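All remarks here apply to the structure that follows.
Any read-out appearing in this document is the output of simple, stated calculations on the displayed coordinates, not a laboratory observation. The structure displayed is predicted, hence computed values, not measured ones. Note that we place each Cβ from the backbone using ideal geometry, even for glycine, and neighbour counts take in every protein chain shown.
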Amino acid sequence: MTNNLSTVTISKDAEPRRIADLVSEFGIAIIPGFLPAATVAGLNAEFDRFFDEARARNAKELIEREEGVTVPVVRKDIDKARFPHTSEIFGTDFMRKIAEHYLGTKEIGFNHQIYVNLNKGTNFPVTLLPFLPHFDKISTLKFFVYLTDTTADNGAMGAVLGSQKQNRLIRDEEHKREGRSKTIDNIIEEPPLVPVEGAAGTMFIFDTDMTHAAGFVRPGKVRRIMRGHTRTLAVLKEHGLQHQAA
Ligand SMILES: [Fe+2]
């Protein structure tokens, strides 16, 4: 079966169950225009504030690399007065319902962690994760928001629609053999990635069992994104992260 992105593009007015069904079938659902411009502007201001504050207190969780900077934030610990948009958007009932339908349980750490991530242009593609095509070692549903217009030139995420089913089998088999170890080889060689392009305010939901890769940001360009990580409580417990669930 061949798919293109119109197959997985859906309106923000769609029923959460329909959106969850798209993710089940293809690994991803894309909602263009999910956030109005004013909310995108608010999130962009908070994006910069997260980094400023993390640097000011020398936060140990801040990940600074040549190709970008990331700060993971625990959602239940966010100061709602200083980060109103982030706490509201990643805590909406709409997202929660999609996650509950998709994961088939209310026992979830809903967007328990939010990654705030700036990727900077490099002269050559980075050959490290998450830039290499892969599936995640920990089963995760991600709510991914583009804060600026994002194309193949500035790091649009690459995806292989429908690949989550095969990858899940590989991951589950490895877990059966090795337990929940991190030894699994999760890199996929030369898959047919499609760039998930979108204007500022686009949100997409994807299962990290789907083959995906952070896109190459061309020199002089940047990518600004936030993404919420949702996992079942069972998965969180396996990885000792249950304290992050709200
Ligand atoms: Fe990943």
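Structure data summary
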item	result
Simple spin-label estimate for Lys176 and Thr127 in nanometres, 7 Å along Cα-Cβ	3.5 nm
J(HN,Hα) series, the stretch 78-86, from Karplus relation 6.51 cos²θ - 1.76 cosθ + 1.60, nearest Hz, glycine and proline x	5, 6, 5, 6, 8, 10, x, 5, 4
Assigned charges on the beta-carbon of Lys, Arg, Asp, Glu; the stretch 8-241 dipole about Cα centre (debye)	480 debye
Inter-part distance where the stretch 117-167 and the stretch 25-65 are each reduced to a Cα centre, Å	15 Å
GNM result for the chain, Cα springs below 10 Å: residue of Arg168, Arg224, Arg55 fluctuating most strongly	Arg55
5 angstrom amide H check on Phe131, placed H, neighbours 5+ away	Ala214
In Hz, Karplus ³J(HN,Hα) per residue of the stretch 233-240 (6.51, -1.76, 1.60; θ = phi - 60°; x = Gly, Pro)	4, 4, 5, 4, 5, 4, 10, x
For the chain: relative contact order, % (alpha-carbon pairs under 8 angstrom, 6 or more apart)	31 percent
For the stretch 8-241, the fraction of alpha-carbon pairs in successive 5 Å shells from zero, as %	1, 6, 14, 18, 21, 19, 13, 6, 1, 0
Candidates Arg177, Arg82, Arg49, ranked by Gaussian network fluctuation over the chain, Cα under 10 Å, top entry	Arg177
Rel. contact order, % - alpha carbon contacts under 8 angstrom, at least six apart, the stretch 6-91	21 percent
Estimated FRET transfer efficiency (Glu53, Lys76; beta-carbon r; R0 22 Å; 0.05)	0.80
Per-residue ³J(HN,Hα) for the stretch 120-132, Karplus 6.51 cos²θ - 1.76 cosθ + 1.60, θ = phi - 60°, Hz, x for Gly and Pro	9, x, 10, 5, 9, x, 6, 10, 10, 5, x, 7, 7
